[in-house]
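Written below as structure tokens is the structure these notes are about.
Just so you know, all these numbers are worked out from the coordinates, no wet-lab data involved. Please read all numbers here as calculations on a predicted model, not as lab measurements. Reconstructed Cβ throughout: ideal geometry from the backbone, glycine too, with neighbour counts over all protein chains shown.
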């Protein structure tokens, strides 16, 4: 849930559902998902379909300016109680924001003005921002930390009354990254394609509809490396080498690199939060949570896996592995070696990591 000073996306939409409209909405922040969710709801629901033709205007930051926004906002609605003016990509308007203050000090009560300022925030000390705080809604949508993404996905699928095991959640998040819009689009696609008698997303369902192999992916490769399972690790990288379009080495190596960087960082965490392996279930979960916060990764299972891996790879070995990964990355790009066979690059890398 994205919040700003107690204002949540859910609270704003709940007010809109009750037809409680503010004169101005400033929706800003690094995470575009919530900004789009609120602005899309306003665009779809404040006006009826017949009212939208004359009373709904969408402007884009690259193609407009503050003067045009003010003139548009000052128009009276036609055969409607409201007009809606939505400014998308408002961050592309580079000047004259302070001039908006002239409108904000005397806004038209029949206008719902929505300013979508993505990928950052304007200066919150600006007079026009302060004025919106007085008369409307200022909502900030910050980027969700990596370690909270899996919890967010679990909450989303739970709200949709869908089941999904932790391994499938981790596999999906690792493949899709932290872009909530992309994650939601893929989850919605998975939900729609579920059989009529099923409410559970499985690894097989993900493999079929998104293209992530449940057996051959970086997640499984990490598991094999953690357990020092030479046969499984080599089987996976051989699959990667022969399916390089679906599993480009330029995506595999950075994920392995980040994994081992986290292992190295783990070695220098306070001993009190490190996992020895003989803790009770609750103590292990508590320590995983602290590790996740410290490293900026999901606590379960990512932080727990890092702790397990650290028992097999000491700090010195981990530093060497990071160096090996850099060398493999250079080799895959044709630097410092005559080799360009992906299978050979992977085999040499795995040998160095596992021995």
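Arranged from highest to lowest average of other beta-carbon atoms within 10 Å per residue, in what order do the peptides 275-281, 230-236 appear? Please report the intermediate quantities before stating the final value.
Details: 275-281: 10.7, 230-236: 17.1.
Sorting 275-281, 230-236 by mean packing, highest first, produces 230-236, 275-281.
Expressed in nm to one decimal, what extension gain is obtained for the pair residue 308 and residue 235 from 0.36 nm per residue of sequence separation less their Cα-Cα distance? Let's see the in-between values first.
Details: separation 73, 0.36 × 73 = 26.28 nm, distance 2.20 nm.
Here the segment from residue 308 to residue 235 would lengthen by 24.1 nm.
Give the average over all directions of the projected area of the C-alpha convex hull of region 6-136, one decimal, in nm². Could you put the intermediate results ahead of the total?
Details: hull surface 29.7 nm².
Spelled out: convex hull of the Cα atoms, projected over all directions, averaged, 7.4 nm².
Test of understanding: what is the full-extension gain from residue 124 to residue 315, defined as 0.36 nm times their sequence separation minus their Cα-Cα distance?
Details: separation 191, 0.36 × 191 = 68.76 nm, distance 4.33 nm.
The residue 124-residue 315 span can extend by a further 64.4 nm.
In whole percent, what relative contact order does the chain give with Cα contacts below 8 Å and a gap of six or more residues? Please list the in-between numbers first.
Details: 474 pairs, mean separation 52.8, N = 355.
Worked out over the chain, it gives 15 percent.
Considering the chain as a Gaussian network with a 10 Å cut-off on Cα pairs, which listed residue, 308, 178, 72, attains the greatest mean-square fluctuation?
72
Residues of region 60-80 with amide nitrogen under 19 Å from the 7 Å Cα-to-Cβ point of residue 19?
Residues passing the 19 Å test: 77-80.
Taking the beta-carbon count within 10 Å as an exposure proxy, list 41, 21 from fewest neighbours to most.
Working: 41 15, 21 19.
Ascending Cβ contact count within 10 Å gives the list 41, 21.
Just how far, in whole angstrom, is region 5-27 from region 186-206 if you go by their alpha carbon centroids?
Spelled out, the Cα-based centre of one part sits 32 Å from the other.
Where does region 66-189 land on Rg(C-alpha)/(2.2 N^0.38 Å)? List each step's numbers first, then the result.
Details: Rg = 19.4 Å, N = 124, 2.2 N^0.38 = 13.7 Å.
For region 66-189, the normalised Cα radius of gyration is 1.41.
Quickly rank 119-130, 208-219 as a protection proxy: mean count of other C-beta atoms within 10 Å, highest first.
On the way: 119-130: 14.2, 208-219: 17.3.
My ranking of the peptides, most packed first, is 208-219, 119-130.
Restricting to DSSP H runs of at least four residues, report the calculated mean residue ellipticity at 222 nm for the chain, -39500 (n - 2.57) per run over all residues, nearest 500 deg cm²/dmol.
Working: 17 runs with 193 residues, N = 355.
Value at 222 nm, helices only: -16500 deg cm²/dmol.
How many nm separate the modelled label positions at residue 323 and residue 11, each set 7 Å beyond the Cα in the direction of the Cβ?
Placing both labels 7 Å beyond Cα along the Cβ direction yields 5.3 nm.
Using a 7 Å offset from Cα along Cα-Cβ at residue 63, what residues in region 76-97 end up with backbone N under 16 Å from the label point?
Answer for this model: 85-93.
Quick check on the exposure proxy: order 220, 348 from fewest to most C-beta atoms within 10 angstrom. Let's see the in-between values first.
Numbers: 220 20, 348 17.
The most exposed by this proxy come first: 348, 220.
Starting from 0.36 nm per residue, how many nanometres of slack lie between residue 160 and residue 282 once their C-alpha separation is accounted for?
Values: separation 122, 0.36 × 122 = 43.92 nm, distance 2.84 nm.
That works out to 41.1 nm of additional length.
So how do 164, 251 line up by other beta-carbon neighbours within 10 Å, fewest first? Spell out each step's value before the answer.
Numbers: 164 24, 251 12.
Final ranking by Cβ density, sparse to dense: 251, 164.
Using only the alpha carbons, work out the radius of gyration and Dmax of the chain in angstrom.
25.2, 76
Cα gyration tensor of region 218-354, axes a ≥ b ≥ c as square roots of the eigenvalues: rounded (a/c below 1.5), prolate (a/b > b/c) or oblate?
Prolate, since a/c reaches 1.5 and a/b exceeds b/c.
Can you give me the distance in nm between label points at residue 257 and residue 102, each placed 7 Å from the Cα along the Cα-to-Cβ direction?
About 5.1 nm separates the two model spin labels.
Which shape class, rounded, prolate or oblate, goes with region 146-210 when its Cα gyration tensor gives a ≥ b ≥ c as root eigenvalues, a/c under 1.5 marks rounded, and past that a/b bigger than b/c marks prolate?
Working: a/c = 1.62, a/b = 1.45, b/c = 1.12.
The shape class here is prolate.
Which FRET efficiency value, to the nearest 0.05, do you get for residue 48 and residue 74 by plugging their Cβ-Cβ distance into 1/(1 + (r/R0)^6) with R0 = 25 Å?
Working: r = 23 Å, r/R0 = 0.90.
About 0.65, to the nearest 0.05.
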